[in-house]
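Novice: The structure follows.
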Amino acid sequence: MSPSAAAPVIVLAEDDPGIASLVAETLRQDLQAEVLVVENGALVVDAVVQSGASLLILDISMPGASGIDVYDVVRNHGALGAMPILFMTAEPDRGLATLDRHGTRDVIAKPFDLDDLVRRVRAMLPAAA
C-alpha cells in the first residue's frame, strides 16, 4: 500500500471477544486495515455507515440482530447494497443458503485458518487507488 493511500476500513461484526480480537489484530497487521469491532448485530449498519467501511465481516449468530437480518438490511440499503460481505460463522450452511438466495460474496467456517481469512479479505477489498 502506498503511503498516500488510506487504510481500508473493515467492520467486523463478531460477539466472541477472543475471535474478534484475533481477527482484528491479524487484519490490522497483515493488511494495514482499520478494523472496527461491533458486538451487537443491531449496531452493525450504523457502524458501517459512520465508518465508511469498505468491507463487512459478519457473524451469523449475534445478539441484537442476527447476521442474516443485518445482511438483508445492508443489501436493501441504497448506499451499501453492493458492499462486499464475508460471512464468518460456525454455521456455514446458513451462510451458504444466504449465498444462494442473496449473492453473498463469501462464507468462511469457524474454526478457520487465519492465512485463508487474510487471503479472502484481501481479495474482497476494493483495489487501492
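The values are calculated or read from the model by the stated rules, or taken from the named source; none is laboratory data. In this text, all values refer to a predicted model and were calculated from it rather than measured experimentally. With ideal geometry, Cβ positions are generated from the backbone for all residues, glycine too; neighbour counts draw on all protein chains shown. Each accessible area value is taken on the protein alone, full model and side chains, heavy atoms only, with ligands, DNA and RNA left out. Shrake-Rupley method; radii C 1.70, N 1.55, O 1.52, S 1.80 Å.
Novice: Yes or no: N76 open to solvent by 20 Å² or more (accessible area, probe 1.4 Å) and either at pLDDT 95 or above or at positive phi (or both)?
Specialist: no
Novice: Between a residue in region 20-46 that is over 14 Å from L56 (Cβ atoms) and any residue that is part of a helix (DSSP H, G or I) and open to solvent by less than 60 Å² (accessible area, probe 1.4 Å), which pairs come within a Cβ distance under 8 Å, given they are 6 or more apart or on different chains?
Specialist: Pairs found: L22/L114; T26/L114; T26/L117; T26/V118; D30/V118; L31/V118; L31/V121; E39/A20.
Novice: Taking A7 as the residue in question, decide whether it is assigned to a loop (DSSP other than H, G, I, E, B), open to solvent by 20 Å² or more (accessible area, probe 1.4 Å) and touching a strand residue (DSSP E or B) at 6+ places or on another chain (Cβ under 6 Å).
Specialist: Here the answer is yes, as A7 does meet what is asked.
Novice: For region 45-67, give me each residue that is out of contact with any Lys or Arg (no Cβ under 7 Å at 6 or more places or on another chain) and either over 18 Å from L125 (Cβ atoms) or open to solvent by 60 Å² or more (accessible area, probe 1.4 Å) (or both).
Specialist: Matches in region 45-67: V45, D46, V49, Q50, D59, S61, M62, P63, G64, A65, S66, G67.
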